[in-house]
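Take a look at the structure below.
The values are calculated or read from the model by the stated rules, or taken from the named source; none is laboratory data. None of these values were measured; they are calculated from a predicted model. Every residue, glycine as well, gets a Cβ built from its backbone with ideal geometry; the counts of neighbours run over all protein chains shown. What goes into the accessible areas is simple: the full protein's heavy atoms, side chains included, and nothing from ligands, DNA or RNA. Shrake-Rupley method; radii C 1.70, N 1.55, O 1.52, S 1.80 Å.
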Amino acid sequence: MFLSVSTAAGPFDNKELLAALSDITRLRDNSPAQAYEEACAWLTQVRSLGDSTLVAFGLLTVGRCAQALGRIDEWLDWSGLAAALAEQTDDPDLLRDALIELASATSHMGFPGEALPLFERALVLATDNHDPDLLAHLKTKTASALALLGRLEDAQTLHLDAIELVRDPNLALRLRLVVVGFHCDDMLRPEEAEYHLKAFERMTAIPSLSPRLQAWYLCLQTVVHAINGRPQAMLDSEAALRPMAAYNMNFYCWTLRIVADTLLSMGDANGARTRVNELLQIDLVLESVERVRLLLLRAKLAQRDNQSAEASELTKQAYALARPSAGTQDKLEAKVILTMLQNLESRLQLARSQVEARQLRLEIAKREALLQDREVPIPSLLKELYVLHAQQRSGFQVADMAEIGFHVAYQPYLGLQDLRVVGCEALLRLHHPRHGAMLPGEFIHRLERAGDIMDVGLWVVQQGCQHLAQWPSPGGVPLTLAINVSATQLESSEFAHKVAELLDRYGIAPGRLELEINESFALRESETPQAGLHALQSLGVKLSIDDFGAGHCNFARLIELDSDKVKLDRSLVRKAEQSQREFRGVQSLVRTCLDMGMAVCAEGVETLGQARAMHAIGCSALQGYWVGRPESPQHIAAVLARPAQVWAALLELDTPTKPSADRDHLQTL
Ligand code: C2E
Ligand code: MG
Ligand code: MG
């Protein structure tokens with residue numbers, strides 16, 4: 001598998017967590033249901049650490065376990081979330097793995113056209129990597145999508161490439177099976193399927209395979225016998241397969257349906273009926289092409305029993321499902337398009353150039369048009385949560401957001417002037433009834449797209465003001481509260497009016513509220529909604545540029561925005577530790593911002609070394625796990641009350657004052 005441990009060993013070099021992840025992956029082969037449970041538990045654990053890279057790994061693993069259980073829908077959901085999150089990390093290997101997974105799920109749902117560009121993008125990311133096994137795996141998958149799109153020649157060439165490339169003997173085995181499956185599908189090339197199955201058998205001793213691989217092999221063997229017209233051999237393989245069914249539910253269902261089809265064509269209606277009934281009871285894989293085939297098979301059986309009305313009803317259902325413009329197929333397609341949309345939107349947030357951004361916007365518009373054509377409204381996460389929690393929604397109701405699973409965590413930031421916590425950033429959290437605890441990277445874009453971010457964002461401001469009013473003022477100076485806002489919240493002055501009402505209701509001076517807008521939106525002129533921003537600034541609310549330095553630095557725009565603060569992206573905080581040159585680069589950026597009259601808060605400070613480097617550079621404040629993790633409002637009291645002497649000792653400073661020179665620090669680099 002390609003969940004490369006090297007990628008996961010990033011900032012969290014946590015051997016135990018990674019070992020547990022490998023155990024889960026091994027477990028998936030033998031006991032997929034247990035692996036699924038454990039993967040969910042692992043995901044919950046890493047979510048509490050708040051590290052996006054690890055969470056994306058967790059999402060991928062849960063998705064793969066769902067796939068092993070035949071829950072294709074869930075597989076698509078989890079891998080969609082993983083890909084959206086991976087877009088936001090700076091880890092190309094992770095993004096590649098997530099794209100492969102999402103593409104595979106999409107293809108499996110019956111949408112090779114949507115899967116192909118994802119595979120192709122993953123191929124580009126993998127080519128840089130030069131890992132022949134990975135390339136081979138990916139080429140095989142891309143070839144399968146091409147074959148499903150009818151581009152058989154291209155598919156064949158890519159398959160041959162893949163088989164020549166592969167080095168790892170286990171992967172070689174799996175690729176042979178993928179190729180067999182691809183030739184079996186739609187029964188187009190029975191001889192080729194036979195040829196590759198024989199090649200597989202020559203490569204290995206079947207009984208020594210893992211149960212999952214053995215089950216897969218038996219499925220394919222059964223199907224190859226079926227499509228080559230060997231009924232007895234087919235039934236023998238099917239009998240051997242039955243005890244192993246649970247190891248590969250998708251393939252088992254596919255096999256069972258082909259066996260039933262073959263039996264019916266041989267006149268064994270009872271044999272076919274038994275298998276169809278079993279499939280109906282399994283209730284899996286039914287939202288895919290297989291469902292159409294199963295319906296048609298049931299129709300044939302009904303016809304045989306002279307139940308023409310039922311046969312015609314079943315046929316109608318099958319065509320409705322298969323026809324692209326029909327109801328259920330629409331819903332399926334909408335779901336796939338939507339997952340793609342979410343991923344495009346994450347990419348848009350990270351777009352490095354105007355050209356790329358324009359291209360992505362075109363793609364988004366195209367897909368939104370596709371959804372509109374089908375008259376499928378873009379589903380709102382908020383609505384989904386209301387339904388799942390059986391709540392009625394009546395306008396903006398403050399309490400409801402907590403009832404449907406949202407809560408706010410607060411992360412403190414340490415002022416370096418006086419060495420005390422000067423404020424907290426509110427970070428939204430969601431406990432989804434199906435997906436468990438989710439980080440903002442996994443759901444904010446959905447709230448933004450459906451327009452729900454307005455209501456949820458105001459609720460965050462309300463919660464923040466309520467808590468801020470209750471917190472003590474260490475050293476007599478009132479704390480500030482930082483709140484993240486999305487560009488859509490600033491499109492009109494409505495948000496500013498509501499914020500003014502809330503500040504008034506809780507008796508909070510506007511200067512204590514800081515609104516953080518992400519650099520990628522703030523510093524692109526055409527995209528910053530001016531009206532809402534000006535209305536907020538004229539209230540006296542402070543403006544802060546989040547993730548500053550991550551890729552869109554535009555000083556002209558920065559001057560124009562008149563922001564009060566920049567939050568130095570954590571990638572720069574890490575860089576500053578690496579060499580004197582990088583330290584000086586970050587230092588000059590910080591100095592320029594300070595000279596422009598802005599405060600500079602270093603984000604993502606995780607170690608004492610980083611804290612000292614940022615202190616030496618002259619940052620105004622520090623935020624990150626080293627200062628404190630995001631916590632519930634009840635749990636941050638201790639860090640708020642920590643006196644300057646303690647912070648000075650933690651920072652290993654002689655006196656709790658602002659640094660005057662950075663020479664000492666530079667010498668230690
Ligand atoms: P996070 O809590 O996962 O939040 C991720 C991003 O979601 C935030 O990035 C912010 O852009 C957005 N977000 C969060 N809440 C809201 C909201 O109410 N409304 C809107 N519109 N957007 C929201 P940001 O602001 O840069 O937050 C810092 C992130 O870095 C947080 O992740 C935090 O948990 C994480 N973090 C903090 N300290 C450290 C650290 O030392 N190391 C690492 N690796 N991560 C850290
Ligand atoms: Mg922020
Ligand atoms: Mg940030």
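Just so you know, in region 426-450 the residues that are charged (D, E, K, R) and either more than 9 Å from ligand 1 (Cβ to nearest atom) or open to solvent by 10 Å² or more (accessible area, probe 1.4 Å) (or both) include one that is farthest from Ala482 (Cα to Cα), and it is Arg434.
Kindly evaluate Arg505 against the criterion of being in contact with a Cys (Cβ under 8 Å, 6 or more places away or on another chain), open to solvent by 20 Å² or more (accessible area, probe 1.4 Å) and away from ligand 3 (no atom under 16 Å from the Cβ). The answer is yes for Arg505. Is it the case that region 581-604 has a residue that's touching a Phe, Trp or Tyr at 6+ places or on another chain (Cβ under 8 Å), more than 27 Å from Ile559 (Cβ to Cβ) and within 16 Å of ligand 2 (Cβ to nearest atom)? No, there is no match, as no residue in region 581-604 is touching a Phe, Trp or Tyr at 6+ places or on another chain (Cβ under 8 Å), more than 27 Å from Ile559 (Cβ to Cβ) and within 16 Å of ligand 2 (Cβ to nearest atom).
Take Ala482 and tell me if it is free of Cβ contacts under 8 Å to residues at least 60 places away in the same chain and closer than 24 Å to Ala641 by Cβ. No; evaluated as a whole, the condition is false for this residue.
Scanning region 614-628 for residues that are assigned to a loop (DSSP other than H, G, I, E, B) and in contact with a Pro (Cβ under 9 Å, 6 or more places away or on another chain) returns Gly618, Val627, Gly628. Checked against (1) within 17 Å of Leu69 (Cα to Cα); (2) hydroxyl-bearing (Ser, Thr, Tyr); (3) modelled with pLDDT of 90 or more, Thr274 passes all but a single condition, namely (1). Here is the figure for region 557-580: residues that are away from ligand 2 (no atom under 16 Å from the Cβ) and either touching a His at 6+ places or on another chain (Cβ under 6 Å) or open to solvent by 60 Å² or more (accessible area, probe 1.4 Å) (or both) total 8.
In region 569-605, which residues are in a helix (DSSP H, G or I), of a type in the set (Ser, Thr, Tyr) and away from ligand 3 (no atom under 15 Å from the Cβ)? Within region 569-605, Ser588, Thr592 meet the criteria.
Do we have Pro117 as farther than 22 Å from Arg434 by Cβ, modelled with pLDDT of 90 or more and open to solvent by 10 Å² or more (accessible area, probe 1.4 Å) here? The answer is yes for Pro117. Remark: His615 matches the filter, which requires a residue to be in the same structural domain as Phe495 (by TED's automatic domain parsing), of a type outside the set (Gly, Ala, Ser) and within 24 Å of Asp654 (Cα to Cα).
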